[in-house]
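The values are calculated or read from the model by the stated rules, or taken from the named source; none is laboratory data. Just so it is clear, the model here is predicted, and its values are computed rather than measured. FYI the Cβ positions are ideal-geometry reconstructions off the backbone, even for glycines, and counts take in every protein chain you see. Side chains included, ligands, DNA and RNA excluded: accessible areas come from the protein's heavy atoms. Shrake-Rupley method; radii C 1.70, N 1.55, O 1.52, S 1.80 Å.
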Amino acid sequence: MVQAYDVVIVGAGHGGAQAGIALRQNKFEGTIAIIGDEPDYPYERPPLSKEYLARDKTFDRILIRQPAFWGERGIDMLLGRKVTDVDPAAHHVTLEDGAKVFYGRMIWATGGAPRKLVCSGHDLAGVHTVRTRADADRMMGELDGVTRAVVIGGGYIGLEAAAVLAKFGKQVVLLEALDRVLARVAGEPLSRFYETEHRAHGVEVRLGARVDCIEGDANDKVMGVRLHDGELLECQMVIVGIGIIPAVEPLMAAGAEGGNGVKVDAQCRTSLPDIFAIGDCALHSNAYAEGAVIRVESVQNANDQATVVAKTITGADAAYDAVPWFWSNQYDLRLQTVGLSIDFDDVVQRGDPAGRSFSLTYLKGGRVIALDCVNATKDYVQGRALVTAMAVPDRERLADTAIPLKEVMLPL
Ligand SMILES: Cc1cc2nc3c(=O)[nH]c(=O)nc-3n(C[C@H](O)[C@H](O)[C@H](O)COP(=O)(O)OP(=O)(O)OC[C@H]3O[C@@H](n4cnc5c(N)ncnc54)[C@H](O)[C@@H]3O)c2cc1C
């Protein structure tokens with residue numbers, strides 16, 4: 001049977017789901033299919049290293065919409081199906097089982113696959129990445145047999161997973177290759193704060209750590225992580241959180257422009273006719289990074305790009321220029337980030353990290369480019385305006401907690 005849709009969305013994650021929702025909200029009346037290689041209806045990915053892993057939320061509670069929603073909106077869900085080929089001239093995709101699905105327009109929303117370690121032992125049983133529900137379920141299924149775990153990577157996912165495991169009473173060693181955690185995404189005060197917090201919760205944080213290999217037992221089950229200096233960290237579980245590789249091979253093979261992602265314009269159009277791309281895999285020029293062509297890995301980015309595409313397809317004017325925001329939950333700490341701190345040259349601290357409520361404002365050339373706010377929602381909400389206005393505030397007023405951030409702004 002030949003299947004054909006006016007819009008085919010590839011990837012049933014945050015961006016794909018929101019694209020379907022936004023198309024219907026924008027009164028798109030054509031046929032829509034969402035093709036996803038996971039078996040599940042679209043669900044929220046952030047809880048996989050937070051509330052879902054901690055067993056504070058069931059899977060049902062992290063579904064983006066209840067299953068019946070999709071049928072009610074006339075959106076066909078082709079789940080557990082993977083797109084392996086794209087033929088832009090014929091306007092069809094080919095699935096793993098050889099089936100072809102024709103499209104009028106296509107939205108590529110495939111996110112990325114976790115980057116794997118390249119050392120020996122990377123594929124032993126008990127070595128995990130956290131990207132999908134299946135990944136989290138596998139980890140959760142093994143937790144009872146774990147007394148000691150090693151987390152490789154001090155980014156948000158590694159830190160969040162470490163926090164959950166520590167909460168479960170596991171001994172956790174967190175290995176970061178650089179000299180501080182969160183080095184790629186935040187300033188040093190935030191890194192030091194989280195290192196201190198994790199240590200206070202019993203996590204052994206090791207910086208500048210270099211992994212040599214993962215060692216297994218006779219049953220190919222992980223038994224430890226060997227460091228470059230020869231030390232063996234015994235453990236029953238390893239969690240690897242070292243970033244993702246954008247899932248764009250079929251598009252690249254079809255001739256799309258890109259590299260570490262697929263290049264898109266302000267309407268999220270790729271260089272291939274009638275093909276858009278959104279979310280973690282979309283390389284776009286970001287207004288909050290001075291127009292630099294980057295990928296942003298956040299729910300905000302996936303959702304807002306999906307909405308831009310839905311508007312574009314339904315004939316409305318839209319361009320992607322949304323303010324980036326992000327959050328992370330670790331222990332009782334809620335981090336909220338707005339803007340992108342890329343290449344900041346100054347950082348102003350507001351409040352005392354020892355009080356576990358503070359914010360950092362990142363500046364570049366005197367202008368506010370981003371804020372990291374820990375248990376400081378008011379700063380996050382008010383600081384947003386500083387980021388959008390690219391405000392040039394007085395440093396002392398910025399640091400003064402007696403002055404609300406909304407009063408700090410000096411318009412240009
Ligand atoms: C553990 C974890 C915690 C996170 N925490 C936060 C957070 O706190 N805040 C935040 O803003 N962001 C967070 N993120 C990032 C956020 O989840 C992503 O930025 C977001 O999911 C990106 O949406 P997307 O649609 O681009 O990709 P995804 O949501 O990953 O969806 C892509 C889907 O496409 C599928 N797919 C891939 N290739 C194919 C193919 N060829 N055919 C069919 N289907 C395919 C994938 O399996 C996946 O289901 C977190 C991510 C993870 C993994």
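Arrange the residues THR270, THR401, THR307 by how much accessible surface each exposes, largest first, with a 1.4 angstrom probe.
If we order THR270, THR401, THR307 from most to least accessible, we get THR401, THR307, THR270.
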| remark: Here the Cα Rg-to-2.2 N^0.38 Å ratio for the stretch 286-342 is 1.32
| note | Whole-Hz Karplus couplings 3J(HN,Hα) for the stretch 85-94, θ = phi - 60° and coefficients 6.51, -1.76, 1.60, Gly and Pro as x, run 9, 10, 10, x, 6, 7, 6, 9, 10, 10
| With every protein chain in place, the stretch 365-412: carbon and sulfur % of accessible area (1.4 Å) | 56 percent
| field | Label-point gap, in nm, between ARG397 and ARG356 - each point 7 angstrom along Cα→Cβ | value | 3.3 nm
| said: Quick one: 3J(HN,Hα) in Hz for the stretch 186-203, Karplus 6.51/-1.76/1.60 with θ = phi - 60°, rounded, Gly and Pro as x. | reply: 8, x, 4, x, 5, 4, 5, 4, 5, 4, 4, 4, 5, 5, 5, 8, x, 7
| remark: Length gained if ARG192 through ALA99 is fully extended, taking 0.36 nm per residue and subtracting the Cα-Cα distance, is 28.3 nm
| At 0.890 mPa s and 25 °C, Stokes D of the stretch 111-249 from Kirkwood alpha-carbon radius, µm² per second | 163 µm²/s
| remark: Taking 0.36 nm per residue of separation between ALA292 and ASP123 and subtracting their Cα-Cα distance, the length gained on full extension comes to 57.3 nm
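Please list, by residue number, every one of the GluC sites (Glu not before Pro) in the stretch 1-102 that is coil in DSSP and has at most 14 other beta-carbon atoms within 10 Å.
GLU29, GLU96
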| remark: Rounded to whole Å, √(5λ) for the Cα gyration tensor eigenvalues of the chain, largest first, gives 35, 30, 18
| message | Give the lysines reachable from LYS57 as a straight Cα distance under 21 Å; neighbours fewer than 8 places away on the same chain don't count. | response | LYS167, LYS170
| query | Taking amide H positions as placed 1.01 Å from N in the peptide plane, with prolines and chain starts having none, which residues 5 or more places from CYS213, or on another chain, fall under 5 Å of its amide H? | reply | ARG226
| field | Using θ = phi - 60° and Karplus 6.51 cos²θ - 1.76 cosθ + 1.60, couplings along the stretch 104-121 (whole Hz; Gly, Pro as x) | value | x, 10, 10, 10, 8, 9, 9, x, x, 9, x, 5, 9, 5, 9, 6, 5, x
| field | Taking only Cα atoms of the stretch 280-412, radius of gyration then Dmax in Å | value | 15.7, 52
| With every protein chain kept in the model, how would you rank HIS122, HIS92, HIS198 by accessible area, 1.4 Å probe, largest at the top? | HIS122, HIS92, HIS198
| field | Label point distance in nm, ALA266-ASN26, each placed 7 Å from Cα along Cα→Cβ | value | 1.5 nm
| What aspartates and glutamates could a cross-link reach from LYS378, if we take a straight Cα to Cα line under 16 Å and drop same-chain neighbours fewer than 8 places away? | ASP352, ASP400, GLU407
| query | For the chain, with every protein chain kept in place, what is the accessible area per residue (1.4 Å probe, Å²)? | reply | 43 Å²
| request: Tally up the carbon and sulfur contribution to the accessible surface of the stretch 72-199 as a whole percent, 1.4 Å probe, everything protein left in place. | output: 49 percent
| said: What figure, in Å² to the nearest 10, do you get for the accessible area of VAL93 with a 1.4 Å probe and non-protein molecules left out? | reply: 0 Å²
| Amide H of TYR5: which non-local residues (sequence gap of 5 or more, or other chain) have their own amide H closer than 5 Å, using H built in the peptide plane? | PHE102, TYR103, GLY104
| remark: Kirkwood radius from Cα pairs of the stretch 71-180 plugged into Stokes-Einstein at 10 °C, 1.306 mPa s, gives D in µm²/s equal to 91 µm²/s
| remark: For GLY243, the residues 5 or more places away or on another chain with a placed amide H closer than 5 Å to its own amide H are ARG115
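So for the stretch 24-131, averaging the separation of alpha carbon pairs under 8 Å that are six or more residues apart and normalising by length, what relative contact order in percent results?
Once divided by the residue count of the stretch 24-131, the mean separation gives 25 percent.
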| query | In terms of Cα to Cα distance under 24 Å, which lysines are near enough to LYS100, apart from those fewer than 8 places away along the same chain? | reply | LYS82
| note | Label model pair ASP220, ALA113: point-to-point distance (7 angstrom along the Cα→beta-carbon line) in nm is 1.7 nm
